[in-house]
Every structure is written in C-alpha cells, then in structure tokens.
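The structure appears below as structure tokens.
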Amino acid sequence: MSPTLLKKIRLATLLSIPVLSHFSVHAEVSVTPATKDTAIESVATQVLNTTDERSAQDKARLMATLSELTYFSADFTQKIFSESEELLQQGAGTLAISKPNLVNWQTTEPDETIIVSDGETLWFYDPFIEQASAYSLAKAIDNTPILLLTSDEKTLWDNYQVEQKNEQFVITPLNQESQIKSLSLRFSRNESSTTQLSEFSFKDATGQVSQILLSNFNSTDAPNAQLFSFSLPQGVRLEDKR
C-alpha cells in the first residue's frame, strides 16, 4: 500500500437501538388482524420503552464517569483495521484534552500529523505536505469522536445512544449521516482509585476500525494551555472549511 494511500486512510480515520431477543407477552386474545396489530404494537412499545430507559441509565453512568476527567494527557498507540480485519497501519503519539472542547492529538509515528481544537475551530495539520485544514468545531464533532470526551453538554449527548457492556461504553450516533458509526470507551482505576481512560476504538462508515491504547495517563496535572492553540506556519497552505 502506497504512503499516499496510508496517509489518506489515517486522515480519514481521524477526521440502533438494541433488540431484546427474549421478550414475550403471555395473554389470551382473540385472533383477529386488529388485535394482532394491537398486541404487536404494545410489545414494540414496551421494548422501545425498556431500551430507552436502559440507554438513559447507561448514558448517565458514562456522563458521571466522564465528569471525573476535567483534563488529562496520555501517550497512545494506534492500530487501524479494514472491515475484513486486515491491519492497515500502526502509529503512536500523544493526546491531551481539557474541558470544554480543547484537544491536542499529535501522531509521531509513522509520520507527524497534528489535530488541535481551540474551542471554536478544529485544525488538521500535516507538516509533510505542508497543508492545514480548518473546520467549525460544531460541524466536526460527528466525524471526530475524540471531541465527545471534551464535552458534558446534554444537548450534544442527546444526539447519541449509549450502551454499557461491563467496563466498556458503546456510543452510537442517532444521525445516520455520521461518518463515525460507533465509539467504544473503556475505563479503569489506578491504585488511588482515580478514573482513567485506558482505551477507545471507533468504526467509520467504510467499516474501518481504529483501536487506541493509552499509557502514562495523567489526570492530575493540567496540560499546557499552549497545546490548544494553533498558528498557521509560514508557507503552509490552508483549506478553510469553516
């Protein structure tokens, strides 16, 4: 696979209500089309209500967990897999987050790319091709899942469904047009019982999955504020898509 194609894969990657399968109703009703339709509608309503309630509880638990992380920094390793689970690329870098809406994601391997959210604009910078792109933060959230970790805003989270599976939370956008189809977060606690984000992964619309493992997690020291500002380097071409 050519370096140019790998670079496109990396840049693209960084940019359902569950069905209850064992739900039954025991009732004696006359077998007519009308009563059948009514019974089916009643069952469907109960399933949806149960699912919605469970999702709301799972979302509340996730929001409570995220509320413990006002800011953090970490190192990461990343693997990107195709829909057929073929390993496409591996990478490494650093991540820093501060609420609300501040992100610094810097890939150092296999080559350097930088993503910065300053709270209003999301910047993508590729030093190798000397190009930067600027996006409105509000428009970028659906396609940049890491931004969800920076916000406790209820109106934003109303756009997502959450399901908890043991220590993992699976987040699914309600917007069918989103390029990110799911985001999974896994938390742990260190020796002092402090919450840590240990890994996360997301699947995009092409079926590619990106897995990120975090290390050297630090939620004690606030990241340097300069990490969340971006100045266009001299000679770098800007694509302004705000």
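The values are calculated or read from the model by the stated rules, or taken from the named source; none is laboratory data. Just so we're clear, the structure is a prediction, and the values are computed from it rather than from any experiment. Cβ atoms come from the backbone with ideal geometry, glycine included; neighbour counts cover every protein chain shown. Heavy atoms of the whole protein, side chains included, go into the accessibility calculation; ligands, DNA and RNA do not. Shrake-Rupley method; radii C 1.70, N 1.55, O 1.52, S 1.80 Å.
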### Task
Would you be able to tell me the number of residues in region 135-167 that are part of a strand (DSSP E or B) and open to solvent by 40 Å² or more (accessible area, probe 1.4 Å)?
4
### Task
Please go through region 181-204 and pick out each residue that is part of a strand (DSSP E or B) and within 18 Å of S73 (Cα to Cα).
L185, R186, F187, S188, R189, T195, Q196, L197, S198, E199, F200, S201
### Query
Before we move on, is Q234 part of a strand (DSSP E or B), of a type in the set (S, T, N, Q) and open to solvent by 60 Å² or more (accessible area, probe 1.4 Å)?
no
### A132 surrounded by fewer than 20 Cβ atoms within 10 Å (Cβ to Cβ), touching a strand residue (DSSP E or B) at 6+ places or on another chain (Cβ under 7 Å) and in a strand (DSSP E or B)
no
### Query
Within region 92-100, is even one residue under 17 Å from L213 (Cα atoms), crowded, with 20+ Cβ neighbours inside 10 Å, among the polar types (S, T, N, Q) and more than 16 Å from the chain's Cα centre (by Cα)?
no
### Query
Is there a residue in region 191-212 that is of a type in the set (D, E, K, R), open to solvent by 70 Å² or more (accessible area, probe 1.4 Å) and out of contact with any strand residue (DSSP E or B) (no Cβ under 9 Å at 6 or more places or on another chain)?
yes
### Query
Does Q226 satisfy the criteria of being at pLDDT 95 or above, more than 21 Å from the chain's Cα centre (by Cα) and open to solvent by 50 Å² or more (accessible area, probe 1.4 Å)?
yes
